[in-house]
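The values are calculated or read from the model by the stated rules, or taken from the named source; none is laboratory data. Quantities reported herein were computed from a predicted structural model and do not represent experimental measurements. Heads up, the Cβs are rebuilt from the backbone with ideal geometry, glycines too, and the neighbour counts pull from every protein chain shown. Only protein heavy atoms, including side chains, enter the accessible area calculation; ligands, DNA and RNA are left aside. Shrake-Rupley method; radii C 1.70, N 1.55, O 1.52, S 1.80 Å.
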Amino acid sequence: MPNEVFTTPDEPTGEWADVRMTDPAAGEWDVDVIVAGGQVEYVDLRVKPELLAGFVDCLVDDVTDEEAQSILRTVADRRGLELVDDPDV
């Protein structure tokens with residue numbers, strides 16, 4: 001992987017959802033990677049609560065609107081939340 005270069009896809013794809021924070025300010029997020037025996041055991045990503053909406057928006061930016069809606073509905077259902085379709089509410 002050291003020779004691979006991460007590039008932004010030209011159009012959304014079902015294979016990967018890309019996340020890139022351009023020019024993050026210090027402390028906006030924190031990544032902790034644990035490697036044991038030459039393999040990544042886990043990755044922790046901490047995001048400041050006030051930045052979570054923007055982070056989630058970034059996560060679904062690479063998928064179609066229909067896929068983003070499905071993802072958000074699935075998350076809401078799993079958490080027992082009701083999404084409101086009316087943007088004025």
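Quick rundown of the values:
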quantity: Close pairs from segment 69-85: first within 18 Å of Asp57 (Cα to Cα), partner open to solvent by less than 100 Å² (accessible area, probe 1.4 Å) and among the charged types (D, E, K, R), Cβ under 8 Å, at least 6 apart; calculated: Leu83/Arg73
quantity: Within segment 44-70, considering residues that are touching a strand residue (DSSP E or B) at 6+ places or on another chain (Cβ under 9 Å) and among the charged types (D, E, K, R), the one least open to solvent (accessible area, probe 1.4 Å); calculated: Asp44
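Yes/no matrix, rows are residues, columns are (1) of a type outside the set (Val, Ile, Thr); (2) in contact with a Cys (Cβ under 9 Å, 6 or more places away or on another chain); (3) farther than 25 Å from Glu15 by Cβ:
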| residue | (1), (2), (3) |
| --- | --- |
| Leu51 | yes, no, yes |
| Ala68 | yes, no, no |
| Thr74 | no, no, no |
| Arg78 | yes, no, no |
| Glu82 | yes, no, yes |
